[in-house]
């Protein structure tokens, strides 16, 4: 079995530099870490006969990272969802009854749009209160059996419960991105969103997101698309359709626009598309040639295209102004 960092742990050599350990003990420790998203606990170490001096020295050497009291990450440097998983696993191992919630839960479920939490966000049932501290944000709340699911070994709030807890806390662009993503993944239905809206009614921030539960659309393919759509809606220029396919007269697909707008005042060039593709999609030479062919074909069909970037949606008013001018 490999004991390299790709298995979620420090290398065997890294451990040897700190203590002269039995290779079988090292292998057992790294195997345990690989099963726990790279996390080991003081209990794991004790079961292998390793004292607290081992993690202390490894942390000082920069080879391990202390996440929570009694929980260590044997492969520092994880980012994104892998880091969320490590933090959530650490909390599940050392905080009795902890259930990953809010932003942590959304990332574990694969939902896009929420900020990556700095540590672990967990829900604890009443009676198991534990104060929040650096790396651990605690919410005390009752959870029904249907509110908890298992995500690769980590107890996590269900998609519906996660939306109830998370959406009122987010700004509107992030909230719509999360709702769109949950629908696109099939984790919830439009009917579920109406139930969630009722369940979070009265919570702080819920009124600001009240319309988003209905505005959510699973056809959105990225948070950038969700944010662009919301900017247009709030500016009074909502799209007429999403994922609009443009075909030639013989049925050949020329393009698919993320948002589509019908210009009533310009029947000769009635259709206006918004494309929210990231830079990496169009940077390669082959992609540039395809884009040039598509652009020429769209011109011939009387279709105009506006390109949207993150800078456009993050600049207040820029995208709506672009569309008002084009429409």
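Here, each number is a calculation from the coordinates, and none is a lab measurement. This structure is a prediction, so every number in the text was calculated from the model and none was measured. Here the Cβ positions follow ideal geometry from the backbone for every residue, glycine too, while neighbour counts run over all protein chains shown.
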Which one is right for this structure if Rg/Rh (Cα atoms, Kirkwood Rh) is calculated from it: (1) 0.95; (2) 1.00; (3) 1.09? (3)
Between residue 264 and residue 241, what is the label-to-label distance in nm when each label sits 7 Å out along the Cα-to-Cβ direction? 1.8
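Could you work out [θ]222 nm for the chain from helices alone, using -39500 (n - 2.57) per DSSP H run of at least four and dividing by all its residues? Round to the nearest 500 deg cm²/dmol.
Working: 15 runs with 137 residues, N = 327.
Estimated from H runs of four or more residues: -12000 deg cm²/dmol.
Using alpha-carbon pairs under 8 Å, 6+ residues apart, how would you state the relative contact order of the chain in percent?
Details: 535 pairs, mean separation 30.8, N = 327.
Relative CO of the chain lands at 9 percent.
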By how many nm would the segment from residue 248 to residue 132 lengthen if fully extended, with 0.36 nm per residue of separation less the alpha-carbon distance? 35.9 nm
Work out the FRET efficiency for residue 25 and residue 79 from their Cβ-Cβ distance, taking R0 = 45 Å, and round it to the nearest 0.05. 0.95
Can you work out the PRE-style zone for residue 116? Point 7 Å along Cα to Cβ, and I want the residues of the stretch 168-182 with backbone N under 20 Å. 170-171, 174-175, 177-179, 181-182
On full extension of the chain, what length is gained from residue 211 through residue 47, given 0.36 nm per residue of separation minus the C-alpha to C-alpha distance? 53.8 nm
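Using DSSP, restrict attention to beta bridges with both residues in the chain and report what percent are antiparallel, rounded to the nearest 5.
Values: 23 of 34 bridges.
If we restrict to bridges inside the chain, about 70 percent are antiparallel.
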